[in-house]
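Here is the structure we will look at, set down as structure tokens.
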Amino acid sequence: MKNIFFFLFTSITFCQTEDKLPNIILMIGDGMGLSHISAGMYANNNSTILEEFEYVGLSKTHSLNYLVTDSAASGTAMASGFKTFNRVVGIDENNMKPKSILEICKEKKYDVGLVVTSEIVHATPACFYAKIPSRYDYEDIALQLSEHNVDLFVGGGKDYFNKRKDKRNLLEEMSNYTFVNNFEEFKNSTSKKIGFFTYPSKPPPKDLGRKPSLDDLTQESLKKISQKKPFFMMIEGSQIDWGAHDNSLSYVLSEFKEFDLAISKALEFAKADGNTLVIVTADHETGGLSLSGGNVKKSRIKADFSTGGHSGSMVPVFSYGPNSELFSGIYENTAIFDKMLKAIEN
Ligand code: MG
Ligand code: ZN
């Protein structure tokens, strides 16, 4: 009798531990420094959803070989926990290819997803599933995604899959996936593996009509991926960076506004769910943006860019949910990986 009780007790304890593995939503605003957030906040009636997060930290973004990183090296740092050279995706200085947090989650039976407003093979999402010396080898990155086991992905860049130099049609090879052609089909699909190419190549800026919106995609993707828990989802506001490279404040503001709405959808989900860790950060600052004036009451901003490239400023990290306290303080961008790992091992 005693043994049976012991067995029941340990089984229940075990099940509870399994149930407790938190969902993780990692949201990356590419190029989103503190000035981009400040500008977006003042332009939006002095308000951003980031004010509702529980903890704030700062991340040092330098790469292995440069003080100013690119999205490949910093994406690798956050996805896999090591510093590497600019342009390199997922490979370290000794040519090793450690697993990304997405891959580690997958091994722990998480469902995993990627939702971006760039091409799905662009550097930031690639860091979660690809290992390649150059971030610009998009067709090779597409091939690696086709051989991966990402459960849900949304982004542009379909041409890298079916209009290739090697004449392969990866969409046909990915026979376990359902590919949907529009948001209605995406919403209606109940497929376990789903790919949604929003554009054949690079998605346009929000201001030029990019659809569907990242907030709608975030809400719908979370609905889908949370059918089975736990899950890991990376959502990127990819074009905040592109607006800053163009030194266009209006481009930055419109992309940030959409990203802020997407964050509010993720936070809404996390608040209702109770076991979801949400992390919002950037891979680096872009444009050397500074707020030099404006009018708070009129939500008007005056801002100046100091470079057409990236800068080396630390970027903020906002966190909410179980283990969110891990993300306060000042640390290397590689620690974002360490902290996510700790969150799923706690
Ligand atoms: Mg990016
Ligand atoms: Zn950039």
Taking segment 46-63 and keeping residues touching a helix residue (DSSP H, G or I) at 6+ places or on another chain (Cβ under 7 Å) and not in a helix (DSSP H, G or I) leaves Ser47, Thr48, Glu54, Tyr55, Gly57, Ser59, Thr61, Ser63
Mind counting the residues in segment 281-312 that are surrounded by fewer than 19 Cβ atoms within 10 Å (Cβ to Cβ), away from ligand 1 (no atom under 16 Å from the Cβ) and under 27 Å from Ala77 (Cβ atoms)? 5
Do you know which residues across segment 331-346 are assigned to a helix (DSSP H, G or I) and over 14 Å from Ile104 (Cβ atoms)? Thr334, Ala335
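So, in segment 30-45, how many residues would count as being away from ligand 1 (no atom under 16 Å from the Cβ) and not in a helix (DSSP H, G or I)? Lay out the reasoning, then the answer.
In the first step, residues of segment 30-45 are kept if they are away from ligand 1 (no atom under 16 Å from the Cβ); the result is 34-35, 37-45.
Retained after the next criterion (residues that are not in a helix (DSSP H, G or I)): 44-45.
Of the residues in that region, 2 qualify.
Any chance segment 238-250 includes a residue that's hydrophobic (A, V, I, L, M, F, W, C), more than 16 Å from ligand 1 (Cβ to nearest atom) and over 23 Å from Val112 (Cβ atoms)? Steps first, please.
Going through segment 238-250, the residues hydrophobic (A, V, I, L, M, F, W, C) turn out to be 240, 242, 244, 249.
Going one step further and asking which of them are more than 16 Å from ligand 1 (Cβ to nearest atom), we end up with 249.
Now narrow it down to the ones that are over 23 Å from Val112 (Cβ atoms): 249.
The answer is yes; a qualifying residue exists.
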List the number of the failed condition for Phe256; all other conditions in (1) over 30 Å from Ser175 (Cβ atoms); (2) of a type in the set (Phe, Trp, Tyr); (3) away from ligand 2 (no atom under 16 Å from the Cβ) hold. (3)
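Assess whether Arg87 counts as being basic (Lys, Arg), within 16 Å of ligand 1 (Cβ to nearest atom) and under 23 Å from Asn169 (Cα atoms). If you could, list the steps in order and put the result at the bottom.
Working: basic (Lys, Arg): yes; within 16 Å of ligand 1 (Cβ to nearest atom): yes; under 23 Å from Asn169 (Cα atoms): no.
No; evaluated as a whole, the condition is false for this residue.
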Does Glu258 satisfy the condition of being among the acidic types (Asp, Glu) and within 15 Å of ligand 1 (Cβ to nearest atom)? yes
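Can you work out which of the residues in segment 278-298 that are polar (S, T, N, Q) and over 25 Å from the mean Cα position of the chain (by Cα) is nearest to ligand 2 (Cβ to nearest atom)? Give the derivation first.
Step one: filter segment 278-298 for residues polar (S, T, N, Q), giving 281, 286, 290, 292, 295.
Retained after the next criterion (residues that are over 25 Å from the mean Cα position of the chain (by Cα)): 292, 295.
On the way: Ser292: 22, Asn295: 30 Å.
My answer is Ser292.
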Quick one: which of Lys298, Lys342, Lys302 is charged (D, E, K, R) and either within 25 Å of Leu222 (Cβ to Cβ) or modelled with pLDDT under 95 (or both)? Lys342
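Does Ser80 satisfy the condition of being away from ligand 2 (no atom under 15 Å from the Cβ), under 19 Å from the mean Cα position of the chain (by Cα) and not acidic (Asp, Glu)? Steps first, answer last, please.
On the way: away from ligand 2 (no atom under 15 Å from the Cβ): yes; under 19 Å from the mean Cα position of the chain (by Cα): yes; not acidic (Asp, Glu): yes.
Taking the combined requirement at face value, the residue satisfies it.
Could we say that Phe183 is more than 16 Å from ligand 2 (Cβ to nearest atom), in contact with a Cys (Cβ under 7 Å, 6 or more places away or on another chain) and not charged (D, E, K, R) here? Reasoning before the result, please.
Working: more than 16 Å from ligand 2 (Cβ to nearest atom): yes; in contact with a Cys (Cβ under 7 Å, 6 or more places away or on another chain): no; not charged (D, E, K, R): yes.
Against the criterion (more than 16 Å from ligand 2 (Cβ to nearest atom), in contact with a Cys (Cβ under 7 Å, 6 or more places away or on another chain) and not charged (D, E, K, R)), Phe183 does not qualify.
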Based on what the data block shows, is Met78 assigned to a loop (DSSP other than H, G, I, E, B), within 16 Å of ligand 1 (Cβ to nearest atom) and on the phi < 0 side of the Ramachandran plot? no
Which residue pairs have Cβ atoms under 8 Å apart, sit 6 or more places apart or on different chains, and have a first residue in segment 117-131 that is basic (Lys, Arg) and a second that is away from ligand 2 (no atom under 16 Å from the Cβ) and assigned to a loop (DSSP other than H, G, I, E, B)? Lys131/Gly90; Lys131/Ile91; Lys131/Lys97
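The values are calculated or read from the model by the stated rules, or taken from the named source; none is laboratory data. Keep in mind that what you see is a predicted model, and the values were worked out from it rather than measured. We place every Cβ from the backbone using ideal geometry, glycine too, and count neighbours over all the protein chains shown.
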